[in-house]
1. Taking the stretch 228-237 as the search range and keeping residues that are surrounded by 11 or more Cβ atoms within 10 Å (Cβ to Cβ) and not charged (D, E, K, R), which one is farthest from GLN217 (Cα to Cα)?
2. Considering each residue of the stretch 156-173, count those that are part of a loop (DSSP other than H, G, I, E, B) and either touching a His at 6+ places or on another chain (Cβ under 8 Å) or free of Cβ contacts under 8 Å to residues at least 12 places away in the same chain (or both), and give that number.
3. Looking at (1) within 36 Å of the chain's Cα centre (by Cα); (2) part of a strand (DSSP E or B); (3) among the basic types (Lys, Arg), can you tell me which one ARG228 breaks?
4. Could you pull out the residue among ARG240, ARG220, ARG213 that is buried (at least 20 other Cβ atoms within 10 Å of the Cβ) and part of a loop (DSSP other than H, G, I, E, B)?
5. Among the residues of the stretch 173-230, how many are under 27 Å from TYR81 (Cβ atoms) and of a type in the set (Phe, Trp, Tyr)?
6. Does any residue of the stretch 387-397 turn out to be of a type in the set (S, T, N, Q) and at pLDDT 95 or above?
7. Scan the strands (runs of 3 or more DSSP E) fully inside the stretch 249-333 and keep the ones with 1 or more residues being within 31 Å of the chain's Cα centre (by Cα) and crowded, with 16+ Cβ neighbours inside 10 Å.
Amino acid sequence: MYQDYTRLRDEFGIQEFDESLWRDLPSPHRLLRRGVVFGHRDFEIIRDAVLSGKSWAILTGLMPSGRMHLGHKMVIDEVIYYQSIGADVFIAVADIEAFATRGYSLEETREFALNEYIPNYIALGLKPERCHIYFQSENQDVKDLAYILGKKVNWSQMVATYGFDGSTNMTHIFSPLIQTGDILHVQLEKYGGIRPTLVPVGVDQDPHIRLSRDIAQAHRLYSTILTRDNKIGVFVKTDRDVKKLLDDAEKELSLAGFEKLRRITDYKAIYIDDAEKMDIPRINELLAKTEKKFGGYGFLQPSATFHRFITGLDGEKMSSSNPGGAIFLTDSPEEARKKIMNAKTGGGVSLEEQKKKGGKPEKCMVYELFLYHLIEDDKELEKIYRLCRSGDRVCGECKKHAAMLMEQLLLDLAEKRGAMRDETKLYLQ
């Protein structure tokens, strides 16, 4: 299971996640440093919020439809890091989606969430007292927002985005709108107000990100764009209260320090001659907050990061439905050791060939365990890579090392889960 992430990034119009985006963050997480996060949409807005100390939120969801494995752990590792540097964390238990697309009852999904996912999240380091955990089916704001925001989406767009057809059931069709409600409700006043929002996902979730961004933009009253002649223009998108909207925008822009404003009321536009392309996010956020005076939501388009998938130990996709290729966070050390010792590697077909030609750690499932989960020190990881490539380290050594580290990880998680499992329900909103 090797993905051409450059091709996927280019195909979906995702921006490259390069070092300039993470190097100034406090103690950048290994998933950022090592290229596991390979793409983004508007992460610059999140980075600037972190560095300036502004309020920002992160939304992630858990699909309570199977046991939690290392692939699921990647996302929550990111979330825990972002929480440590100031994010206001929201976690949606996607019980409506699991009901619509996986065939689980709401009761079954509740059991998975309470007994499998949330205890593991807290054991991994999530601070539950500083985050909002909720079930989609129980959050009326999310459901109301999904219905209201759906007015700006038509059937053709849903078909083009998701491939729905005449046999698709209506709960499945509605579930992407629920996800949009999840993502955008964190900007409602009662949840913290308009602010930058990050959604970390795998690239397979990009349709949800694009839909949410399109819906957020469709509900804006202002549009701030770079015109063909490289001017920054603010345009009123509605035919109601145009003069008042222009008056208010002009006032806010002046207060923000922009002096060269050209208003053309017939075009419903204000051109800002002393603004540059880099000012667009600031202008966009400034005007978002004034839209509420006119009955608008002012939602900022959510940002996103996209991470690589971890491969199963058998070389296939790591999945709850493939227990032999996945390491679950509730596996015993003995179960994990057996899976690791049987894992597919990037070594030679024989010990002799391995020593002569070296291994291929970039195609090794065990090396992925080190890269994604087990080794924090970059220099130590680099040494393992170098020794494998040169043939000075054989697969058996790496498997034993990985099994030992995994045993420590699983035992630590089991101990922490046991200490707080009965408290899980206290943190649900």
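The values are calculated or read from the model by the stated rules, or taken from the named source; none is laboratory data. All of these numbers come straight from a predicted model, not from anything done at the bench. So basically every Cβ, Gly included, is an ideal-geometry build from the backbone, and we count neighbours across all protein chains shown.
1. The extreme case among them is ILE232.
2. Of the residues in the stretch 156-173, 6 are part of a loop (DSSP other than H, G, I, E, B) and either touching a His at 6+ places or on another chain (Cβ under 8 Å) or free of Cβ contacts under 8 Å to residues at least 12 places away in the same chain (or both).
3. Here ARG228 meets the rest and fails (2).
4. Just one listed residue meets the conditions, ARG220.
5. Adding up the residues that qualify gives 1.
6. For the stretch 387-397, residues of a type in the set (S, T, N, Q) and at pLDDT 95 or above: absent.
7. The qualifying strands (runs of 3 or more DSSP E) are 303-307.
Residue by residue, here is whether (1) under 26 Å from THR330 (Cα atoms); (2) modelled with pLDDT of 95 or more; (3) not in a helix (DSSP H, G or I) holds:
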position	(1), (2), (3)
PHE370	yes, yes, no
LYS379	no, yes, no
MET406	yes, yes, no
LEU411	yes, yes, no
LYS425	yes, no, no
